[in-house]
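What follows is a short report on a single structure.
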Amino acid sequence: MEIKPLSNNPYLNKDVAQLKKGKDVEENTRAKDRLELSSEALHLKSDDLDLKKLDAIKAKIANKYYDSEEVIGKVADAILKETLPQ
C-alpha cells in the first residue's frame, strides 16, 4: 500500500523509502534561513542605551501614548506616503 502526500511541495513531503534505506536526508532538510543585522543595528547593540530615553519610552507605553489617535494618524500617514506611488 502506498500513501500519497496531500501536498506537491517537495520540502513538506519526505521520501519515507529513502529514510528507511538509511540515506542521509538531513542535508536537504536543514534550515536555509539566516539572519543579517545592519551595521546600524550592530552599532546600537554595542552602545549603551540612554536610560533617560528608555525610561521616557517606557512611560509613553504605560500611558498609552502610542495608542492615541494623533500618533496612529501620523504612523498611517507615513505608511501611506511610503506605499503610494509618487
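The values are calculated or read from the model by the stated rules, or taken from the named source; none is laboratory data. None of these values were measured; they are calculated from a predicted model. All Cβ positions, even for glycine, are placed from backbone atoms using ideal geometry, and neighbour counts span all protein chains on display.
At a glance:
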read-out: Sole exception among (1) at pLDDT below 65; (2) surrounded by 11 or more Cβ atoms within 10 Å (Cβ to Cβ); (3) among the small types (Gly, Ala, Ser) for Ser68, by number; value: (1)
read-out: So Asn13, is it part of a loop (DSSP other than H, G, I, E, B) and either surrounded by 11 or more Cβ atoms within 10 Å (Cβ to Cβ) or at pLDDT 65 or above (or both); value: yes
